Amino acid sequence: MPWDFVALSDAGRVRANNEDAVAFDAPLGLALLADGMGGYNGGEVASGMAIALLQASIGRWLAHAGPQANSRGVRRAMQAGVDEANLAILEAGEANPQLQGMGTTLVLAVFGPQKVVVGHVGDSRCYRLRGQTLELLTHDHSLLQEQIDAGVLTPEQAARSPIRNLVTRAVGIERQVLLEMHEFDAEPGDLYLLCSDGLSEMVSDEDLFTVLLQDIELSQKATLLVAIANDNGGKDNISVVLAQAAGISLPGGAEERV
């Protein structure tokens, strides 16, 4: 079951520079998105380093393992790649005063013929549209999410909170970082959305669902999502990666290319 990919990143309406970074490797089924943070141009450096290092290390492992790579191996390769990128970003920040304290959130996924492994650090997200259901597959590592989980804030109160952008976990901030990972069965027609909080905070779940469900090209969906985020204020950099299983289910278990 092959996967189709598209990625799009935009600075938004407020920020002068884009500290997000995105990449995918369609033959290997790898998708990556990072949302950098830090003074000067530290966020841009951190997200760029994370994507470049992870694309190289995980890509190399996937190329060697082949299409039948088992999920346990994929998870180990993902965590090892994040460990490497984490230390590289941390040490680069320590070596350059202008980059001190830089870091990045991260969401990445490996799309195989039968399984999808999703990993994330921070508040960059992954959603899946399956049939008529849009599901958030990641759980934000943020102070706001902790308050929601603890019952201190309702989701409605959280939408107006001034601490929306405070993450509790990021790549490049401490010596060790834990990549939260989950594994999902792949089904024909599945559509995955990886995004930075510049999209998820500007576009409601209802609008995400409406756009992703439309019968248009993946590239048009990405463009439309970014446009809606900008129309709603574009207060942050906006990045999306879309990955869709290229078949749709037919009666009798047959499969047809989209």
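The values are calculated or read from the model by the stated rules, or taken from the named source; none is laboratory data. This structure is a prediction, so every number in the text was calculated from the model and none was measured. We place every Cβ from the backbone using ideal geometry, glycine too, and count neighbours over all the protein chains shown. Keep in mind that these areas ignore ligands, DNA and RNA; they rest on the heavy atoms of the full protein, side chains included. Shrake-Rupley method; radii C 1.70, N 1.55, O 1.52, S 1.80 Å.
Miscellaneous remarks
- Any hit, segment 120-142, residues being surrounded by 12 or more Cβ atoms within 10 Å (Cβ to Cβ) and over 30 Å from Ile58 (Cα atoms): no
- In segment 216-248, residue farthest from Glu44 (Cα to Cα) [restricted to those that are surrounded by fewer than 17 Cβ atoms within 10 Å (Cβ to Cβ) and small (Gly, Ala, Ser)]: Ala246
- Residue ranges of helices (runs of 4 or more DSSP H) in segment 125-219 with at least 1 members modelled with pLDDT of 95 or more and either closer than 21 Å to Pro2 by Cα or in contact with a helix residue (DSSP H, G or I) (Cβ under 6 Å, 6 or more places away or on another chain) (or both): 197-200, 205-213
The rows are residues; the columns are (1) over 21 Å from the mean Cα position of the chain (by Cα); (2) surrounded by fewer than 13 Cβ atoms within 10 Å (Cβ to Cβ).
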{"residue": "Val152", "(1), (2)": "yes, yes"}
{"residue": "Ala158", "(1), (2)": "yes, no"}
{"residue": "Arg164", "(1), (2)": "no, no"}
{"residue": "Val167", "(1), (2)": "no, no"}
{"residue": "Ala170", "(1), (2)": "no, no"}
{"residue": "Ile173", "(1), (2)": "no, no"}
{"residue": "His182", "(1), (2)": "no, no"}
{"residue": "Asp185", "(1), (2)": "no, yes"}
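- Entry remark, segment 175-192: residues being in contact with a strand residue (DSSP E or B) (Cβ under 9 Å, 6 or more places away or on another chain) and more than 18 Å from Gln114 (Cα to Cα) number 4 in total.
- Per-region count, segment 67-114, residues of a type outside the set (Ser, Thr, Tyr) and under 15 Å from Gly38 (Cα atoms): 17
- Test: residue in segment 81-93 that is open to solvent by 10 Å² or more (accessible area, probe 1.4 Å) and polar (S, T, N, Q): no
- For Lys115, the criteria (1) crowded, with 17+ Cβ neighbours inside 10 Å; (2) touching a strand residue (DSSP E or B) at 6+ places or on another chain (Cβ under 7 Å); (3) under 23 Å from Leu242 (Cβ atoms) hold in every case but one, which is (1).
- Ala52 open to solvent by 20 Å² or more (accessible area, probe 1.4 Å) and more than 19 Å from the chain's Cα centre (by Cα): no
- In segment 65-80, the residues that are in contact (Cβ under 8 Å) with a residue 12 or more places away in the chain form Cβ pairs under 8 Å with partners that are among the acidic types (Asp, Glu) and open to solvent by 30 Å² or more (accessible area, probe 1.4 Å), at six or more places apart or across chains, as follows: Ser71/Glu183; Arg75/Glu183.
- Pairs with Cβ under 6 Å, 6+ apart, first in segment 157-184 and among the basic types (Lys, Arg), second part of a loop (DSSP other than H, G, I, E, B) and open to solvent by less than 90 Å² (accessible area, probe 1.4 Å): Arg169/Gly122; Arg169/His141
- Total residues in segment 198-216 satisfying the condition of being touching a residue at least 24 places away in the same chain (Cβ under 8 Å) and either over 13 Å from Leu136 (Cα atoms) or among the aromatic types (Phe, Trp, Tyr) (or both): the figure is 8.
- Residues that are touching a helix residue (DSSP H, G or I) at 6+ places or on another chain (Cβ under 7 Å), under 16 Å from Leu194 (Cβ atoms) and of a type in the set (A, V, I, L, M, F, W, C), drawn from segment 101-120: Leu106, Leu108, Val110, Val117
- Checking each residue in segment 66-80 for being at pLDDT below 95 and open to solvent by less than 50 Å² (accessible area, probe 1.4 Å) picks out Gly66, Ala69, Ser71.
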